[in-house]
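What follows is a single structure, written as structure tokens, with notes after it.
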Amino acid sequence: MTAAVSAPSTIDQPLNVIVATDCGSTTTKAILIEKIGDEYRQTYRGEAPTTVEAPFEDVTRGVLNAIAEIEELSGRKILDGDRIIAPCRDAKTGVDIYISTSSAGGGLQMMVTGVVQNMTGESAQRAALGAGAIVIDVLSANDGRLPHEKIERIRSMRPDMILMAGGTDGGAVTHVVEMAEYVAAAEPRPRFGVTYKLPLIYAGNKDARPQVKKILEDKSALVVTDNIRPVLERENLAPARNKIHDLFLEHVMQQAPGYKKLIDMAGAPIMPTPAAVGLIMEAIAKREHLNLIGVDIGGATTDVFSVFDGIFNRTVSANLGMSYSVSNVLAEAGLANIMRWVPFTIDEQTLRNRIKNKMIRPTTIPQTLDELQIEQAISREALRLALIHHKSLATGLKGVQQERTISDVFEQQVSGRTLIDMLKLDLIVGSGGILSHAPRRIQSMLMMVDAYEPMGWTMLSVDSIFMMPHLGVLSTINQKAATDVFVRDCMIYLGTCVAPIGQGKAGERCTDYDITFPDGKTIKDQLRFGDLTLYPLELGQKATIAMQPAKAVNLGAGPGVPVTREVHGGVVGLMLDGRGRPLQLPTDQQARVALLTKWFNAVGLYPTA
């Protein structure tokens, strides 16, 4: 039926005017992209409430409302009743193509199975996450659950789709067949639609295919694809990811209210929102040869993306968000961890009440400076916890024997260690309401620095109005249009954070530095432990900074080794972070509030009265 979305489509007609939507769980966001001269620019945007639930139960109503707002703002006629005019009829009528992404209706919810939890189970999880799914459970032969518990779990979860992996090609088939029998016994029902069979992808040991087919063919819409882990030393995730996209369109999307009409309206396959964001993140990393971490922090979930040495990973922290899931952040981080970022004295019960209020009134925004500071304190913990979760899944392959050299005797060598190396990190990309819409860009920058504790030399940026999903799906049909808009209108570079690694007493010398600015002006000074300093360095400008660290302090070249680097500016500038790594805050409340106030004032985080 539909081509896999990861493969670029070929569009015959020239694309000069493009309208794209992202149907979120609460809001449908539309953008208009036009070719102006030789480059593409995002010109107008509109948004409307998503209409997937009663009384409308038709996702296209929200889409048409968001596009109607663009019509009004741009003066271009795009709609003819309930139809999008495509291709263009003249310079002011119609668009060349309409494209869309969607996470409405709770996104794509999947259950995955493997034989060994931290081997094929994790590989299957990575395949599903990379395809834009929320993984609601991972079942494996060795997960400690009894057979009847596994069957009951499969029956009660009602996923949109199941991905079955397990075993290397040519290996034992017993455990793979066992898992298939559990699934068959559970007779799982899909979340949407009562008349269709649950889509199930088998991507395990090819020798078990005949038995798996025999057991599951009549119980599910079974699709067989290449093994995710053909040999222990290699993952092969692309075929399973492509099948997930196909089945998402063919089965899941067809059942959701109004999606059949939406699919007919769109000129390219609809993608799950997180998969589209992942595509654009991967494209930036490859184009610029960067190691990056990207985050999309929403109301219910936080997605983390990373590309290190060309390897892409995505995780969903489905219980960490800033509105619907805000109480989960409190439960997981603990009250003390949230309170450590609040720059004023507040009693525990008041803070708990404010957090619970946000959960039951998820669409409210902070009305006072205190409320904003509390919300930004919670976001630091949500970001920190989501990164810890991501590090645990973005790992090398477990179960693989590694060749050891003499140097490894002195280093702990672990198969399955995390691929996230903060010292090699070039760029952090922030997205989602709390980061994209913070009143001041310095607030976005410091939230990410506090949560991620970047080491050495790291650039930071944010998505201006959250258009990464639109550009991700656009990149599958026109790479130039997606790249042009991404560079010109989407990505806002905040600046560079330089963070020496090490610990010392407050006020002790951390590093001497010598900055040469583009106008030739130089500054020589000393960064002391506990200091946070910000220098203006505009977008597009570069400065040279020479640093001579203290004996035990590392700037990436080793303890005490001097480093000279060129740093890039941004809308915030150049941040020198002498607070030490790992970051430690005083346990005494008065001392902590005084220290936070000092840091926040040093960078002008909140306007002073």
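No value in this document is a laboratory result; all are computed from the given coordinates. All values derive from a computational prediction rather than experimental measurement. When we count neighbours, we look across all protein chains shown, and the Cβ atoms used for this are built from the backbone with ideal geometry, even at glycine.
Points worth noting:
- Here the sum of -39500 (n - 2.57) over DSSP H runs of 4 or more residues, divided by the residues of the chain, equals -9000 deg cm²/dmol at 222 nm, to the nearest 500.
- The stretch 17-104 - charge dipole about Cα centre, Lys and Arg +1 at Cβ, Asp and Glu -1, debye rounded to 20: 200
- One Cα centroid belongs to the stretch 66-110, the other to the stretch 356-385; the line between them spans 33 Å.
- With each label modelled as a point 7 angstrom along the Cα→C-beta vector, the residue 417-residue 505 pair spans 3.4 nm.
- Close amide-amide hydrogen proximity is noted between residue 94 and 77, 78, 89, each under 5 Å apart and 5 or more residues distant or on a separate chain (H modeled in the peptide plane; Pro and chain starts excluded).
- Reducing the stretch 216-259 and the stretch 410-484 to their Cα centroids gives an inter-centroid distance of 28 Å.
- Cβ crowding within 10 Å, taken as a proxy for footprinting-reagent exposure, orders 449, 252, 487 from fewest neighbours to most as 487, 449, 252.
- Remark: the stretch 55-65, residue by residue, has Karplus-estimated 3J(HN,Hα) of x, 7, 6, 7, 4, 5, 4, x, 4, 5, 5 Hz, where x stands for each Gly or Pro and the curve is 6.51 cos²θ - 1.76 cosθ + 1.60 at θ = phi - 60°.
- Links that overshoot a 24 Å alpha carbon limit, given the list 206/243; 77/261; 391/424; 524/551; 35/542: 35/542
- As a length-normalised measure over Cα pairs under 8 Å and 6 or more apart, the relative contact order of the chain settles at 11 percent.
- Residues whose amide H comes within less than 5 Å of that of residue 28, counting only those at least five positions distant or on another chain, are 48, 50 (H built at 1.01 Å from N in the peptide plane).
- Summarising the amide proton neighbourhood of residue 189: residues at separation of 5 or more, or on other chains, whose placed amide H is nearer than 5 Å comprise 158.
- Simple point charges give the picture: +1 on the Cβ of Lys and Arg, -1 on the Cβ of Asp and Glu, and for the chain a dipole about the Cα centre of about 540 debye.
- The stretch 195-337, dipole about Cα centre (Lys/Arg Cβ +1, Asp/Glu Cβ -1), debye to the nearest 20: 460
- The Cα center of the stretch 539-565 and the Cα center of the stretch 329-355 differ in position by 36 Å.
- Bridge type composition, the chain - antiparallel percent by DSSP, nearest 5: 65
- Bridge type composition, the stretch 13-131 - antiparallel percent by DSSP, nearest 5: 75
- Fraction of antiparallel bridges per DSSP, the stretch 107-236 only, in percent to nearest 5: 5
- Correct option for percent of Cα pairs over 42 Å apart [calculated from the coordinates] among [x] 48; [y] 27; [z] 18: [y]
- Extension gain for residue 288 to residue 38 (0.36 nm times residue separation, less C-alpha to C-alpha distance): 87.8 nm.
- In sequence order, calculated HN-Hα J values of the stretch 199-210 (Karplus, 6.51, -1.76, 1.60; Hz; x Gly/Pro): x, 9, 9, 9, 9, x, 3, 5, 5, 8, 3, x
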